[in-house]
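**Q** Handing you a structure now.
The values are calculated or read from the model by the stated rules, or taken from the named source; none is laboratory data. Here the structure is a predicted model, which is why all the values come from computation and not from measurement. Please note: Cβ atoms are built from the backbone with ideal geometry, for glycine as well, and neighbour counts cover all protein chains shown.
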Amino acid sequence: MFKNWNPLWMSCSNLLSIDKLKMGQCLCCDEKDGEIPSLSVPPPETASLPSPLQPNISVDRDRSFPSHVIPASEASHLRRMLPHIDSLVLQTLAVIGNLVENDQETPPSMLRLQALSNKGHGWLLVLHSMVNVIPINEPLGPAVITLVLDDCALPAKDSITKVPRMFWLSAKASKRGRSDPNRHRNICIALGCIAEKLAGPTSVALLTDSTLDYLIANLDPLHHPSVVLFSLIALEKFAQTSENKIALNKRFHQETQHPLLVLEKWKSADDYMKRQVGFCSEWCLDNLCKFVISQIPSACALIY
């Protein structure tokens, strides 16, 4: 699952070291190109998964359905599919902790999500659902997002460029999101996974001005520590592409106070999540921003 070891990923206790799952036969092999696999969509009263996680989930479908990035001709059908996709995500979350061997079969719910994501606007809908329904207090939530995105077929560039618009990413959205850390933590996890998987021109296309403003605004200490942590990780993943790294450093240089210098102080906090933020901030200062803040000695230099 983790192709390149990185201290930012390993510092996060929420991301457990789960080996890449063995994929079974693709369910979409007999489907027509360009079509989303047909689903037998359960009626509303049976669409929700009987799970202890379900009572924590409350999603306003009319408000949250990404109709602004989905063609009107498909919106009605796809809107009816969302409750079923939510159920598949929660089923995957419920069973993922039981997968301890590489040769175990992939859960049917995860195979179904893969099949959905490989056709039409299915990738956007699966991403949208994971962001909305995975709880912040579920330890394996980040792993589910990572595994599903990692095992899906590469999305078209058009789908990638719709992500910032689908989630209305901006500095204002970050500020409004302080009351909904669950959703915004998941957005940051997804952005980091996509940036790592599609490093290069596609990663540059995803890191729009609005995306960068959103992630930088998420570094405000007023945000939930988990949102701050995964925003840092996402920025580091984007910075693996040199063009993004230059843009990130320029953006940091425009700040009156470098946000990482503020967050670095959290490394001695009593809260373990904040400690992780402090560690990641120090790592980023040493490895991503050392040319911008050259007067700051590296953490390694301070040890010796």
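**Q** With respect to GLY200, is the statement that it is at pLDDT below 95 and crowded, with 17+ Cβ neighbours inside 10 Å true? Quick ask: steps written out before the conclusion?
**A** Details: at pLDDT below 95: yes; crowded, with 17+ Cβ neighbours inside 10 Å: no.
Here the answer is no, as GLY200 does not meet what is asked.
**Q** Test TRP283 against the criterion of being among the hydrophobic types (A, V, I, L, M, F, W, C) and touching a residue at least 60 places away in the same chain (Cβ under 8 Å), and give yes or no.
**A** Working: among the hydrophobic types (A, V, I, L, M, F, W, C): yes; touching a residue at least 60 places away in the same chain (Cβ under 8 Å): yes.
For TRP283, the condition - among the hydrophobic types (A, V, I, L, M, F, W, C) and touching a residue at least 60 places away in the same chain (Cβ under 8 Å) - is met.
**Q** Still on this structure: Any idea which residue in region 114-157 is farthest from GLN91 (Cα to Cα), counting only those that are among the small types (Gly, Ala, Ser) and at pLDDT 90 or above? Don't jump to the end; show me each part of the working.
**A** First, the residues of region 114-157 that are among the small types (Gly, Ala, Ser): 115, 117, 120, 122, 129, 141, 143, 153, 156.
Filter again for at pLDDT 90 or above, leaving 115, 129, 141, 143.
Details: ALA115: 15, SER129: 13, GLY141: 12, ALA143: 14 Å.
Across region 114-157, the extreme among qualifying residues is ALA115.
**Q** Restricting attention to region 84-92, does a residue exist that is closer than 11 Å to VAL148 by Cα and part of a helix (DSSP H, G or I)? If you could, list the steps in order and put the result at the bottom.
**A** Here is the first cut: in region 84-92, the ones closer than 11 Å to VAL148 by Cα are 89, 92.
With part of a helix (DSSP H, G or I) added as a condition, the list becomes 89, 92.
Within region 84-92, one or more residues are closer than 11 Å to VAL148 by Cα and part of a helix (DSSP H, G or I).
**Q** I'd like the full set of residues that are in contact (Cβ under 8 Å) with a residue 60 or more places away in the chain and surrounded by fewer than 16 Cβ atoms within 10 Å (Cβ to Cβ), limited to region 219-275.
**A** Answer for region 219-275, where residues must be in contact (Cβ under 8 Å) with a residue 60 or more places away in the chain and surrounded by fewer than 16 Cβ atoms within 10 Å (Cβ to Cβ): just TYR272.
**Q** Then there's this: Got a sec? Which of ILE216, ILE194 is among the hydrophobic types (A, V, I, L, M, F, W, C), without any contact (Cβ under 8 Å) to a residue 60 or more places away in the chain and under 22 Å from VAL133 (Cβ atoms)? First the steps, then the outcome.
**A** Working: ILE216 fails: under 22 Å from VAL133 (Cβ atoms).
Just one listed residue meets the conditions, ILE194.
**Q** Every residue in region 169-194 that is among the hydrophobic types (A, V, I, L, M, F, W, C) and either in the same structural domain as PRO139 (by TED's automatic domain parsing) or buried (at least 21 other Cβ atoms within 10 Å of the Cβ) (or both), please. Lay out the reasoning, then the answer.
**A** First pass over region 169-194, keeping only residues among the hydrophobic types (A, V, I, L, M, F, W, C): 169, 171, 173, 187-191, 193-194.
Selection gives LEU169, ILE187, CYS188, ILE189, ALA190, LEU191, CYS193, ILE194.
**Q** Can you tell which of LEU93, LEU113, LEU149, LEU99 is touching an Asp or Glu at 6+ places or on another chain (Cβ under 8 Å) and not assigned by TED's automatic domain parsing to the domain that holds GLU196? Even if it seems obvious, please write down each step before you answer.
**A** Values: LEU113 fails: touching an Asp or Glu at 6+ places or on another chain (Cβ under 8 Å); LEU149 fails: touching an Asp or Glu at 6+ places or on another chain (Cβ under 8 Å); LEU99 fails: touching an Asp or Glu at 6+ places or on another chain (Cβ under 8 Å).
Of LEU93, LEU113, LEU149, LEU99, the one residue that is touching an Asp or Glu at 6+ places or on another chain (Cβ under 8 Å) and not assigned by TED's automatic domain parsing to the domain that holds GLU196 is LEU93.
**Q** How many residues are in a helix (DSSP H, G or I), modelled with pLDDT under 90 and closer than 13 Å to ILE216 by Cα when one looks only at region 253-289?
**A** Total meeting the criteria: 1.
**Q** Any residue that is of a type in the set (S, T, N, Q) and modelled with pLDDT under 95 - is there at least one of those in region 219-238? Steps first, answer last, please.
**A** So the first thing to find is which residues in region 219-238 are of a type in the set (S, T, N, Q), and the list is 226, 231.
Those still in the list that are modelled with pLDDT under 95 too: none.
For region 219-238, residues of a type in the set (S, T, N, Q) and modelled with pLDDT under 95: absent.
**Q** Out of region 137-186, which residues are touching a helix residue (DSSP H, G or I) at 6+ places or on another chain (Cβ under 6 Å), aromatic (Phe, Trp, Tyr) and farther than 19 Å from SER117 by Cα?
**A** Within region 137-186, no residue meets the criteria.
**Q** Going residue by residue through region 117-136, is there one that turns out to be touching a helix residue (DSSP H, G or I) at 6+ places or on another chain (Cβ under 6 Å), surrounded by fewer than 22 Cβ atoms within 10 Å (Cβ to Cβ) and more than 18 Å from ARG80 (Cα to Cα)?
**A** Taking every residue of region 117-136 in turn, at least one turns out to be touching a helix residue (DSSP H, G or I) at 6+ places or on another chain (Cβ under 6 Å), surrounded by fewer than 22 Cβ atoms within 10 Å (Cβ to Cβ) and more than 18 Å from ARG80 (Cα to Cα).
**Q** Name the residues in region 98-114 that are in a helix (DSSP H, G or I), out of contact with any helix residue (DSSP H, G or I) (no Cβ under 9 Å at 6 or more places or on another chain) and in contact (Cβ under 8 Å) with a residue 12 or more places away in the chain, would you?
**A** Applying the first criterion (in a helix (DSSP H, G or I)) to region 98-114 yields 98, 108-114.
Now drop any that are not out of contact with any helix residue (DSSP H, G or I) (no Cβ under 9 Å at 6 or more places or on another chain), which leaves 98, 111.
Of everything in region 98-114, just one residue is in a helix (DSSP H, G or I), out of contact with any helix residue (DSSP H, G or I) (no Cβ under 9 Å at 6 or more places or on another chain) and in contact (Cβ under 8 Å) with a residue 12 or more places away in the chain, namely LEU111.
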